[in-house]
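Okay, structure first, notes after.
The values are calculated or read from the model by the stated rules, or taken from the named source; none is laboratory data. This one's a predicted model, so the numbers in the text were calculated from it and none came from an experiment. Reconstructed Cβ throughout: ideal geometry from the backbone, glycine too, with neighbour counts over all protein chains shown. Only protein heavy atoms, including side chains, enter the accessible area calculation; ligands, DNA and RNA are left aside. Shrake-Rupley method; radii C 1.70, N 1.55, O 1.52, S 1.80 Å.
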Amino acid sequence: TILVFINPSARRWKTSLESTITHEYLHAITRQYHKWETLLDSVVFEGLAENFVQDVLGNKLSLWSQTLDLKQSKAYLKKIKSKLNSKDIILYKSLFFGNKDYPLWTGYSIGYHLVRSFLNTQSIYHWEQIIKLKPKTILMKSKLI
């Protein structure tokens, strides 16, 4: 089930609707193969969804995927490496929604770059296979760490 709430007074809701539904669709499919428990799960699954939107629709990157560039994403990933197995909701909120330690949407940017790096290492890939991979596999094959 995908629930989408639309604010018709928002300036660009029509242009973002297609990418939002595509992003959330991938989350719905991913949940058939994985539990979403750890910080690593969140980073990878958000990265998968953003890369899926980019590959399927050819859209520009979302704002949350561009918060950090590749170099910054690598630095923050290195900073949180020892916490990737955490299930701490406060840490999750900090990484994805910002606080004094992390800029707004840091987790989305790290996820985007991590998955993009993974995709760039593959000679042939299909989304049907990628969504079944364990987040740890994607992390290790991404060459971002």
For the chain: relative contact order, % (alpha-carbon pairs under 8 angstrom, 6 or more apart): 28 percent
Return the distance in nm (one decimal) between the two label points of a simple spin-label model at Thr1 and Gln72, each offset 7 Å from Cα along Cα→Cβ. 3.7 nm
Quickly work out the Ile21-to-Trp36 label distance, labels modelled 7 Å from Cα along the C-beta direction, and quote it in nm with one decimal. 1.9 nm
Carbon and sulfur together cover what percent of the accessible area of region 12-145 at a 1.4 Å probe radius? 54 percent
Note the direction-averaged projected area, equal to a quarter of the hull surface, for the Cα convex hull of region 1-91, in nm². 7.2 nm²
Order Asp55, Asp41 by their accessible area, 1.4 angstrom probe, all chains in place, largest first. Asp55, Asp41
May I ask for the Kirkwood hydrodynamic radius of region 75-145, worked out over all distinct Cα pairs and given in angstroms to one decimal? 13.0 Å
Per-residue ³J(HN,Hα) for region 40-50, Karplus 6.51 cos²θ - 1.76 cosθ + 1.60, θ = phi - 60°, Hz, x for Gly and Pro: 4, 4, 4, 4, 5, 5, 5, x, 4, 4, 5
Once you've got the GNM for the chain with C-alpha springs shorter than 10 Å, pick whichever of Ile130, Ile90, Ile29 has the biggest mean-square fluctuation. Ile90
Can you work out the accessible area per residue across the chain, with the rest of the protein chains kept in place, probe 1.4 Å, in square angstrom? 62 Å²
If the limit is 32 Å between Cα atoms, which of Lys14/Lys78; Lys60/Lys134; Lys14/Lys136; Lys93/Lys132 go over it? Lys14/Lys78; Lys14/Lys136
Among Lys14, Lys87, Lys78, which one shows the biggest mean-square fluctuation in a GNM of the chain, springs joining Cα atoms closer than 10 Å? Lys14
Ordering Arg11, Arg116, Arg31 from largest to smallest accessible area (1.4 angstrom probe), what's the sequence? Arg11, Arg31, Arg116
Test of understanding: in a Gaussian network model of the chain with alpha carbons linked when under 10 Å, which of Glu37, Glu50, Glu24 would top the mean-square fluctuation ranking? Glu37
Note the full-extension length gain between Leu133 and Asp55 as 0.36 nm times their separation in residues minus their Cα-Cα distance, in nm to one decimal. 26.3 nm
Along region 54-67, what does the Karplus equation 6.51 cos²θ - 1.76 cosθ + 1.60 (θ = phi - 60°) give for ³J(HN,Hα), rounded to whole Hz, x for Gly and Pro? 5, 6, 7, 9, x, 6, 5, 5, 5, 4, 5, 7, 9, 3
Using all C-alpha to C-alpha distances in region 71-115, build P(r) with 5 Å bins and read off the rounded percent in each one. 5, 24, 35, 29, 6, 0
Once the Cβ-Cβ distance between Ser123 and Asp101 is put in as r, and R0 is 35 Å, what FRET efficiency do you end up with, to the nearest 0.05? 0.40
Quick one: Cα centre-to-centre distance for region 1-50 and region 80-136, in angstrom? 14 Å
Whole-Hz ³J(HN,Hα) for each residue in region 123-139, computed from phi via Karplus 6.51 cos²θ - 1.76 cosθ + 1.60 with θ = phi - 60°, x for glycine and proline: what do you get? 7, 9, 8, 10, 4, 4, 8, 4, 5, 8, 6, 6, x, 5, 5, 4, 4
Once you wrap a convex hull around the alpha carbon atoms of region 11-56, what is its projected area averaged over all directions, in nm²? 3.6 nm²
How do His126, His113 stack up against each other in accessible area, from largest to smallest, with a 1.4 angstrom probe? His126, His113
Hey, what number do you get for the chain at 222 nm if only DSSP H runs of n ≥ 4 count, each worth -39500 (n - 2.57), divided across all residues, to the nearest 500? -18500 deg cm²/dmol
